[in-house]
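Below is one structure, written out as structure tokens; comments come after it.
What follows is calculated from the coordinates using simple rules that are stated; it is not laboratory data. If you're wondering where the values come from, they're calculated on a predicted model, not measured in any experiment. Virtual Cβ from ideal backbone geometry, glycine too; neighbours counted across all protein chains shown.
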């Protein structure tokens with residue numbers, strides 16, 4: 001019973017982290033747009049710095065994905081190196097369309 005409760009709690013915490021990461025990534029994207037960053041190539045916007053989200057990155061991708069999205073220079077190096085284990089993908093309009 002304790003293991004089941006722990007498993008359910010872990011799932012709830014992960015969903016919460018996913019929601020927080022999505023919101024943080026959207027905000028980071030909007031800041032990039034305001035700063036004039038060109039999002040058309042699908043750049044990595046960086047590692048999310050909010051406490052508890054250090055292993056999440058924020059990446060701009062096309063929807064649907066294009067070959068440019070798979071180029072290493074357009075992906076977050078922290079994710080490629082295994083330093084981050086989760087990502088949020090937003091489109092050029094800063095709308096989240098994928099988390100993992």
Next item on the list: Quickly estimate the mean residue ellipticity at 222 nm for the chain, helices only: each DSSP H run with n ≥ 4 gives -39500 (n - 2.57), and the total goes over all residues, rounded to 500.
Entry: -12500 deg cm²/dmol
Notebook entry, point to check: Rounded if a/c is under 1.5, else prolate if a/b beats b/c, else oblate: with a ≥ b ≥ c from the C-alpha gyration tensor eigenvalues square-rooted, which is the range 21-100?
Noted result: oblate
Next item on the list: Only bridges with both residues in the chain count here: give the DSSP antiparallel percent, nearest 5.
Entry: 55
Notebook entry, point to check: Mind checking which of 74, 38, 55 has the largest fluctuation in a GNM of the chain, springs on alpha carbons under 10 Å?
Noted result: 38
Next item on the list: Output the relative contact order of the chain, whole-number percent, from Cα pairs under 8 angstrom with separation of 6+ residues.
Entry: 27
Note to self: Going by average Cβ density within 10 Å per residue, which order do the peptides 59-66, 75-82 take, highest to lowest?
What the structure shows: 59-66, 75-82
Note to self: Please arrange 90, 47 by how many other C-beta atoms lie within 10 Å of their C-beta, fewest to most.
What the structure shows: 47, 90
